[in-house]
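Here is the structure we will look at, set down as structure tokens.
The values are calculated or read from the model by the stated rules, or taken from the named source; none is laboratory data. It should be emphasised that the depicted structure is a prediction, and the values quoted were computed from it without experimental measurement. Ideal geometry is used to build each Cβ from the backbone, glycine not excepted, and the neighbour counts take in all protein chains shown.
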Amino acid sequence: MLLRELFLDEGVMTTFGHSKRKGTRGHTVRKYRCTSGLRKGRVVAKPSTCTAPMNMKASNTLKKTRRSKGKTMDIKRARTGRTSPTTQKLKRINKRIRPKARRGSKGRRI
């Protein structure tokens, strides 16, 4: 166990996700979910990314891509989520580490 696993930055929760290395078939790796800031709700590789300044060029490029190919991307991602064994495993793992909702609460607080 590493020290950084015990002492996380403010505003992140640990979760698991796919690695994006070429040639691998989606290995399971530790990732972080931002709980505050501009990237709230996003899963990132490093906790420091949550508070990093936005790259506006990359942001605009992604918005343009989502406008033109968004529906196709959503359909492909949904198919992967239903059929990929690695994704099924990640769903099980992340469900176990999710904080439990308190009795009588309206929703999750992060």
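Couple of notes before you dig in:
- Residues within the range 1-36 that are at pLDDT 85 or above and assigned to a loop (DSSP other than H, G, I, E, B), tallied: 2
- Count - residues of the range 45-97 that are loosely packed, with under 11 Cβ neighbours inside 10 Å and in contact with a strand residue (DSSP E or B) (Cβ under 9 Å, 6 or more places away or on another chain): 1
- Flag if Leu62 is under 20 Å from Thr15 (Cβ atoms) and among the aliphatic types (A, V, I, L, M): no
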